[in-house]
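Derivation of every value follows stated rules applied to the coordinates shown; laboratory data play no part. Here the structure is a predicted model, which is why all the values come from computation and not from measurement. Positions of Cβ are backbone-derived with ideal geometry, glycine not excepted, and every protein chain shown enters the neighbour counts.
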């Protein structure tokens, strides 16, 4: 099996999972969306289990772990966002969880939802909307508009272009990385299905997946930080 | 996969919002509630501890003051007692002195009275003797010699009686 066939299979496969009887196929649900439901449900159940019966005193190890996790992950987000942008920490954490879950989906033998361009486009869109909304919220519409002409008026067109470039780069970087990782994993599985994919899976599915999630939220928070300053 | 379908983009956005809501409402809010409660309790406890320390300090100062006062009071009481003792001593001594003087005076008076009485008795006896002597003289013959003899006798008798 050569790379062309793998790519063809991965890219041109029909990703629609649930066909809606109306809307002429436009309202169908892609596999990625359904997979997102699955991991959102899993995350929700985990949250419910971990936050069940929280106490102020005599806490269980489970509660200590979840408290430590919340403090750590929020500290991470606030560290990237800066003090002024800490209102957006919950959003950053959500995106991080969403991406981390989707990217490691490959471990379970399914195609990661982030390998669907629709998902990465959606994430990038929400992120750029958040960035601009944060800018408007902290500076007002006037200040936000003026910020395009900074540090000098000459680069205003560049700044306006960035409105499109930033989400595009976010979206494509994520999509490309996950696609590449998945393609390599598919090829490796075809070469030797036993043993060989294990170390590579560790790298591509876990390490690269988490790194990409981190890069995505890091850049988003960087933009937000820049917007609110 | 490369086909972009707006609906699926929208679904993903909704998924993300759902995840955001779940994390916010069920993870962060719950944990924050606990953390806040604990923080509040810690603050309260430390405030209470501060208050207790303050109170203890106050009580200690009060007791120290009280001890000082007690010392002073002790001194005062001792001084009072000493003074009372001196007064009493003085009073007793004075009383005794006065009583002694009175006794002495009484004794003197008594002695004087006794003396008077004795003198009176003596005078009465003397008068009797004089009367007796006079009658004797009158009864006997009278001569200068006799008279002298009589007088001598009388004087010696009187002296003997008076002794």
| said: Under the rule a/c < 1.5 gives rounded, and otherwise a/b versus b/c splits prolate from oblate, where does the range A:48-161 land using the Cα gyration tensor? | reply: oblate
| What's the exposure ranking of B:26, A:204, going from fewest to most Cβ atoms within 10 Å? | B:26, A:204
| query | Taking R0 as 35 Å, what's the FRET efficiency between residue B:37 and residue A:34 from their Cβ-Cβ distance, rounded to 0.05? | reply | 0.35
| message | Rounding to the nearest 10 and keeping the result within 0 to 90°, find how far the Cα-based axis of helix B:6-22 lies from the longest principal axis of chain B. | response | 10
| field | Value of [θ]222 nm, deg cm²/dmol, for the protein assembly as shown, DSSP H segments ≥ 4, -39500 (n - 2.57) each, nearest 500 | value | -28000 deg cm²/dmol
| Between 0 and 90°, nearest 10: helix B:29-139 axis offset from chain B longest Cα axis | 0
| field | Two-site label geometry, residue A:172 and residue A:191: point separation in nm, points 7 Å out along Cα→Cβ | value | 2.9
| query | What relative contact order, as a whole-number percentage, does the range A:1-138 give when Cα pairs under 8 Å and 6 or more residues apart are counted? | reply | 18
| note | Extension length gain for residue B:75 and residue B:51 (0.36 nm per residue less Cα distance), in nm, is 5.0 nm
| message | With viscosity set to 1.002 mPa s at 20 °C, what whole-number translational diffusion coefficient in µm²/s follows for the range A:66-112 from Stokes-Einstein and a Kirkwood radius over Cα pairs? | response | 185
| For the range A:132-229, what mean projected area does the convex hull of the alpha carbons give, in nm²? | 7.3
| query | Picking from B:126, B:16, B:78, which is most flexible by a Gaussian network model of chain B using Cα springs under 10 Å? | reply | B:16
| Going by how many other beta carbons lie within 10 Å of each one, how would you line up B:93, A:131, fewest first? | B:93, A:131
| request: Springs between alpha-carbon atoms under 10 Å, Gaussian network over chain A: tell me which of A:206, A:129, A:155 tops the mean-square fluctuations. | output: A:155
| task | Compute the length gained on full extension between residue A:146 and residue A:215: take 0.36 nm times their separation in residues and subtract their Cα-Cα distance, giving the result in nm to one decimal. | result | 22.0 nm
| field | Sites residue B:66 and residue B:96 - FRET efficiency at Förster radius 41 Å, r taken between beta-carbons, to 0.05 | value | 0.40
| field | Ascending count of other beta-carbon atoms within 10 Å, so fewest first, for A:214, A:88, B:63, B:20 | value | B:63, A:214, B:20, A:88
| said: Given axes a ≥ b ≥ c from the Cα gyration tensor, I'd like to know whether the range A:167-208 is rounded (a/c under 1.5), prolate (a/b larger than b/c) or oblate. | reply: oblate
| said: For Cα pairs less than 8 Å apart in space and 6+ apart in sequence, what is the mean separation divided by the residue count of the range A:89-229, i.e. the relative contact order in percent? | reply: 41
| note | Two pseudo-spin positions, 7 Å from Cα along C-beta at residue B:122 and at residue A:165, lie apart in nanometres by 15.9
| message | Connecting C-alpha atoms closer than 10 Å in a GNM of chain B, tell me which of B:98, B:66, B:30 has the biggest fluctuation. | response | B:30
| Three-way shape call for chain A based on the alpha-carbon gyration tensor, with the a/c threshold at 1.5 | oblate
| query | For residue B:87 and residue B:113, FRET efficiency with R0 = 56 Å and r from the beta-carbon atoms, rounded to 0.05? | reply | 0.90
| request: Using only Cα atoms, figure out Rg for the range B:13-99 and give it as a multiple of 2.2 N^0.38 Å. | output: 3.04
| Linear extension gain, residue B:59 paired with residue B:4, 0.36 nm per residue minus alpha-carbon span | 12.0 nm
